[in-house]
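What follows is one structure encoded as structure tokens, with my remarks underneath.
Just so it is clear, none of the values below were taken in a lab; they were calculated from the coordinates. None of the values given here were measured: they were computed from a predicted structure. For neighbour counting, all protein chains shown are included, and Cβ atoms are generated from backbone atoms with ideal geometry for every residue, glycine included.
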Amino acid sequence: MAEGAGSQDEARIEEAKKQIIKERLLKVLLTSEARQRLNNIKIVKPELASIIEEYIIQLASSGKIRNPLNDEEFKQLLLAIQKPKKEFKIRWA
């Protein structure tokens, strides 16, 4: 039993380390306004925020982000990531 608990603790520690690294990277890659927008998204849609974070880190690691993204650039990125919603038109006969 003690072995299982130890491996769970190690997994939690490893996950916490990854989260800290991700937060530090995002602090460098986003302006304070863009980070605030990302935090607002985390509150409403945590899974979308996670996708966005991974995407931003991936862009930075491939050299496509050279300067921190400002809020306007972040909004454009959001629009590109989110799937467009279908529009329905109702016609009255």
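Residues in region 34-93 that are over 13 Å from the mean Cα position of the chain (by Cα) and among the hydroxyl-bearing types (S, T, Y): S61, S62.
Restricting region 1-47 to residues that are aliphatic (A, V, I, L, M) and not in a helix (DSSP H, G or I), the residue that is surrounded by the fewest Cβ atoms within 10 Å (Cβ to Cβ) is M1.
If the condition is being assigned to a helix (DSSP H, G or I) and surrounded by fewer than 11 Cβ atoms within 10 Å (Cβ to Cβ), then region 48-71 contributes only S61.
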